[in-house]
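Presented below is the structure to which this report refers.
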Amino acid sequence: MPDSSTLKPASGRSATMEISESAKIFGFGVYLMSDAVIFALLFATYASMSRNFAGGPTGKDLFDLGNAFYETMLLLLSTLTCGFAMLSMSKNSKEALLPWLALTFLLGLGFVLMEFNEFNDLIRQGAGPDRSGFLSAFFTLVGAHGLHVSIGLIWLLVMLIQIELKGLTAPVLSRLFRFSLFWHFLDMVWVAIFSLVYLLGVL
């Protein structure tokens, strides 16, 4: 039977790991708050420029609510599948986790492709970011969100590879948990964009 001197280092390592994990989650929380501040500034900029059309098209002329609705559904569904993935992770079920994460990736990719097509169509119509202050603010805000989603997709792809190669190890689970926080945050930002940019723009 191991004596107390043998058990102490293991206990110390366990405590150190718990502190390290708490620090990682806290640090990531600080990052998300700083990102929230950036998006708040982008929303404020858009609000101040939303009437600066410079004689060009308005949101009512350009925005397609049907397209924005489908984008919203894709992102909301990806958040749902991400939630199911976290439930599978809590049960330590790799077989259930991988399909949910793959579906989350495909839904997120569909969202990015739809957003890219929307931007491409606007530019073809001569409604690019250089057309007016309104469009400049729109492209910056929505484009910043799309960039974040694209980064999230790369992160998710790396996680899929790590899970396949390394299994559900503690570091992998920690990264996956932080990814889920990031993904849910982007979903909340998009709901605000859909409500404040597209809906109000059309109305």
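A compact table of results
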| item | result |
| --- | --- |
| Considering residues of segment 80-97 that are part of a helix (DSSP H, G or I) and farther than 18 Å from Leu181 by Cα only, the residue most open to solvent (accessible area, probe 1.4 Å) | Glu95 |
| Residue within segment 149-165 that is crowded, with 16+ Cβ neighbours inside 10 Å, modelled with pLDDT of 95 or more and closer than 30 Å to Pro57 by Cα present | yes |
| Residue satisfying all of: in segment 137-148; buried (at least 16 other Cβ atoms within 10 Å of the Cβ) and in contact with a Ser or Thr (Cβ under 9 Å, 6 or more places away or on another chain); nearest to Val112 (Cα to Cα) among these | Leu141 |
| Residues of segment 30-68 that turn out to be among the charged types (D, E, K, R) and either in a helix (DSSP H, G or I) or modelled with pLDDT of 95 or more (or both), as a count | 3 |
| Pairs with Cβ under 8 Å, 6+ apart, first in segment 95-120 and among the hydroxyl-bearing types (Ser, Thr, Tyr), second surrounded by 17 or more Cβ atoms within 10 Å (Cβ to Cβ) | Thr104/Ser78; Thr104/Thr81; Thr104/Cys82; Thr104/Ala85; Thr104/Leu156; Thr104/Trp183 |
| Index of the failed condition, Gly27 passing every other in (1) touching a residue at least 12 places away in the same chain (Cβ under 8 Å); (2) assigned to a helix (DSSP H, G or I) | (1) |
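The values are calculated or read from the model by the stated rules, or taken from the named source; none is laboratory data. Being a predicted model, the structure only gives us computed values, none of them experimental. Here the Cβ is made from the backbone with ideal geometry for all residues, glycine too, and neighbour counts use every protein chain on show. Protein only, heavy atoms only, side chains kept; ligands, DNA and RNA dropped before computing areas. Shrake-Rupley method; radii C 1.70, N 1.55, O 1.52, S 1.80 Å.
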